[in-house]
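A quick write-up on the structure given underneath.
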Amino acid sequence: MDNIVAVAEQFTPSGKITDVREYGNGNINKTFLVTLNAGEEDRYILQRINTQVFHRPDLVMLNMRVSTEHIRKRLQNFPFEGGRRWEIMRVLSTKDGKDHWIDTEGSFWRAVSFISSSQSFDVIKDISHAKETGYALGIFHDLLSDLPSEKLYDTLEGFHITPRYLQHYDNVLAKYKAERSPEISHCIRFISGRSAQANVLENARAKGKLRIRPIHGDPTGISLDSKRIPH
């Protein structure tokens, strides 16, 4: 915990840290809620980025800065219905003006502002809850719809290309010799009955019927010490 407090102090703008505790149920990055005893913002979120998943966390932060700053500008004149609330977190800087901190063990940390009176849910509760989730996602897409994609970088290349996953699945299935349980058989039938849908976008792209806006693969002028960031 002492190490976490030391990391948190790199992002603390004012006041003294009174508490640092694990926060939320995320399964990729490690998240903490930091509480201060003073200042206009008395809480913020501290995260350790999983560099086994995100090999270029610097690009993750670049995307985060670009998208949140764009959204913040759009929100200034965005028409919301019935006084609805929609907020975006703000990337916090370290004391030396960076958007991340790398500790002595090579862990990559970031901090963002805490959105008060908000909740995260792991499971949809009912239809109205699902409707609100869809509304929030729709607003998010609208706010980002005019962000030039060339300002962003692909941090997980191929992550959204479903046919690649299916090809790997077919290769594994062909080698699977163990007895199939009813559950496995059900899953195989489920995938087989829907696998053709996975190629809809790829087929359209191959025929020139789908416009693809490129996302950068690797920037220039941004680098990390590979000895400190595990790959």
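The values are calculated or read from the model by the stated rules, or taken from the named source; none is laboratory data. All values derive from a computational prediction rather than experimental measurement. Glycine gets a Cβ as well: all are built from the backbone with ideal geometry, and neighbour counts include every protein chain shown.
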* Asked: Here are Gly97, Gly82: which of them is farther than 26 Å from His216 by Cα, of a type outside the set (A, V, I, L, M, F, W, C) and not in a strand (DSSP E or B)?
  -> Gly82
* Looking at Asp126, Asp122, which is the one that is out of contact with any Gly (no Cβ under 6 Å at 6 or more places or on another chain), surrounded by fewer than 12 Cβ atoms within 10 Å (Cβ to Cβ), more than 27 Å from Ser93 (Cα to Cα) and touching a residue at least 12 places away in the same chain (Cβ under 8 Å)? -> Asp122
* Just name the residue that is nearest to the chain's Cα centre (by Cα) out of those in segment 134-170 that are assigned to a helix (DSSP H, G or I) and of a type in the set (Val, Ile, Thr). => Ile139
* Structure fact -> So, first residue touching a residue at least 24 places away in the same chain (Cβ under 8 Å) in segment 157-177, second residue in a loop (DSSP other than H, G, I, E, B) and not β-branched (Val, Ile, Thr), Cβ within less than 7 Å, six or more apart or across chains; the pairs are Glu157/Gly217
* Asked: Right, Met89: in the same structural domain as His141 (by TED's automatic domain parsing), modelled with pLDDT of 90 or more, under 26 Å from Phe121 (Cα atoms) and part of a loop (DSSP other than H, G, I, E, B) or not?
  -> yes
* Structure fact -> Only one of (1) free of Cβ contacts under 8 Å to residues at least 60 places away in the same chain; (2) out of contact with any Asp or Glu (no Cβ under 7 Å at 6 or more places or on another chain) does not apply to Ile17, and that is (2)
* Which of the residues spanning segment 151-169 are loosely packed, with under 13 Cβ neighbours inside 10 Å and modelled with pLDDT of 90 or more? -> Gln167, His168
* Structure fact -> If we keep only residues of segment 20-39 that are of a type outside the set (Val, Ile, Thr) and touching a residue at least 24 places away in the same chain (Cβ under 8 Å), then the residue nearest to Ile102 (Cα to Cα) is Phe32
* Which residues, counting only those in segment 48-79, are crowded, with 19+ Cβ neighbours inside 10 Å and among the hydroxyl-bearing types (Ser, Thr, Tyr)? -> Thr51
* Structure fact -> Only one of Ile28, Ile45 is under 24 Å from the mean Cα position of the chain (by Cα), closer than 26 Å to Tyr135 by Cβ and buried (at least 18 other Cβ atoms within 10 Å of the Cβ), namely Ile45
